[in-house]
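Here it is: the structure, laid out below.
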Ligand code: SF4
């Protein structure tokens, strides 16, 4: 390994900064190192999870998100029990073994329906990841006891002031405490950041890597900021996709071998490049069709939907094999 890549693997600041800014030949070198590490450790498999965006009801006021409680134009929904069962049964028939339940954060919403979805999925041999935001400890335990094995809470940024400003005056420290509590309960934990979140700098992205490394998650994700027309940050410029792709490669290189790194639709037409940069998870959109466009953190217009054909073509373009979740 050359000196540059050794510096990255050891999470040294100058090399990480240089890697985040890399383009063309240098970027290809970075991607090659990241995908080689993935292929030689956990294999060149593209793991598929079925994403069920269960509800867009949210009590929070994150400035970057179209589902903020302040958005009165959004059509709010919660997937019905029968639609949720249909979506989960379809996943089972398609051979998808990981259900990914995502919702806005609202503690007044009961978690019982989610518990029932987890149990139903378990009966069909499907494991569940939960993304419900910060909840009470007894609710975390209830979800875990129902069979959920993974929980994702994104930190969004390592910069505490930007976090406070953009997450509706909440504390980054509390977020990290919740993650640690979830790990203590027994969950595999996931976290993630947004590249280009207004107020962040390249230095913050370097610090994102260091903080994520300290958290040592089982799953780590990167999103690209895109100004949602129904959010407070509607007039800010979008995040830099190259920096976000380089961040994926860096996370692959500095985190432990078996970390799962998804590539989401915020990368739009450059999603396949995320796989070349070392990502290994993709979501199949399993939300009932009538709700898909109402679940939108970063965009207010029609979303890019990932069906099975697109997943196969993404895998082919990165020379990966579509596989069950591990
Ligand atoms: S990011 Fe999550 S918690 Fe924040 S407003 Fe959007 S849905 Fe709610």
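Quick note: the coordinates plus some simple rules give every number you see, no bench work behind them. In this text, all values refer to a predicted model and were calculated from it rather than measured experimentally. Backbone-built Cβ (ideal geometry, glycine too); neighbour counts: all protein chains shown.
Would you mind calculating the relative contact order of the chain from Cα pairs under 8 angstrom and at least 6 residues apart, reporting the percent as a whole number?
Details: 641 pairs, mean separation 85.4, N = 326.
Reported as a whole number, the value is 26 percent.
Further, regarding this structure: Test of understanding: extend the Cα→C-beta vector of residue 322 to 7 Å, then name every residue of segment 90-107 with backbone N under 15 Å from that spot.
The answer is 90-98.
Out of all DSSP beta bridges in segment 177-326, what portion is antiparallel? Express it as a percent rounded to 5.
In segment 177-326, DSSP labels about 0 percent of beta bridges as antiparallel.
Still on this structure: How do 91-99, 225-233 rank on mean C-beta neighbours within 10 Å, highest first? Kindly include the intermediate steps, with their values, before the conclusion.
Numbers: 91-99: 18.8, 225-233: 20.8.
Top to bottom by mean Cβ count within 10 Å: 225-233, 91-99.
Can you give me the Cα centroid spacing of segment 253-304 and segment 11-31 in angstrom?
Distance between centres, Cα-based: 22 Å.
Continuing with this model, one more query. Starting from the Cα of residue 28, move 7 Å in the Cα-to-Cβ direction to define the label point; list residues of segment 222-263 whose amide nitrogen is under 17 Å from there.
Zone members listed by number: 246.
Moving on to the next point. Using the beta-carbon distance between residue 313 and residue 145 and R0 = 51 Å, what value does 1/(1 + (r/R0)^6) give for FRET efficiency, to the nearest 0.05?
Numbers: r = 39 Å, r/R0 = 0.76.
FRET efficiency, residue 313 to residue 145: 0.85.
Quick check: from the Cα gyration tensor, does segment 206-266 come out rounded (a/c under 1.5), prolate or oblate? Intermediate results must be reported in sequence, preceding the final value.
Details: a/c = 2.32, a/b = 2.23, b/c = 1.04.
Judged from the Cα gyration tensor, segment 206-266 comes out prolate (a/c at least 1.5, a/b above b/c).
So, one more: Measuring from centroid to centroid over Cα atoms, what is the spacing of segment 52-79 and segment 170-222 in Å?
Spelled out, the Cα-based centre of one part sits 22 Å from the other.
I need the shape label for segment 186-326. Rule: rounded when a/c is under 1.5, else prolate if a/b > b/c, else oblate, with a, b, c from the alpha carbon gyration tensor.
Verdict is oblate for segment 186-326.
Would you order 252, 107, 270 from fewest to most other beta-carbon atoms within 10 Å of each residue's own beta-carbon? Kindly include the intermediate steps, with their values, before the conclusion.
Details: 252 25, 107 13, 270 16.
So the ranking, lowest neighbour count to highest, is 107, 270, 252.
If you don't mind, there's one more thing I want to ask. Under the classification rounded if a/c is under 1.5, otherwise prolate if a/b is larger than b/c and oblate if not, where does segment 33-112 fall, given a ≥ b ≥ c as square roots of the Cα gyration tensor eigenvalues?
oblate
If each DSSP helix of 4+ residues adds -39,500 (n - 2.57) and the sum is divided by the residues in the chain, what number results at 222 nm, nearest 500 deg cm²/dmol?
Working: 12 runs with 134 residues, N = 326.
Mean residue ellipticity at 222 nm (helix-derived): -12500 deg cm²/dmol.
May I ask what percent, to the nearest 5, of DSSP beta bridges between residues of the chain are antiparallel?
On the way: 1 of 34 bridges.
Of all bridge pairs located within the chain, approximately 5 percent are antiparallel.
Can you order the peptides 242-248, 175-181 by their average number of other Cβ atoms within 10 Å per residue, highest first? Working shown, then result.
Numbers: 242-248: 24.1, 175-181: 16.6.
Highest mean packing first, the order is 242-248, 175-181.
Oh, and also: Among 55, 108, 166, which comes first, then next, by fewest other beta-carbon atoms within 10 Å?
Details: 55 22, 108 6, 166 26.
With the sparsest Cβ surroundings first, the list reads 108, 55, 166.
Assuming 0.36 nm per residue, please report the length gained on full extension of the stretch residue 210 to residue 106 beyond their Cα-Cα distance. Please list the in-between numbers first.
On the way: separation 104, 0.36 × 104 = 37.44 nm, distance 2.99 nm.
Answer, rounded to one decimal: 34.4 nm.
Tell me the Rg and the Dmax, in Å, that the Cα atoms of the chain produce.
That works out to 18.5, 56 Å for Rg and Dmax.
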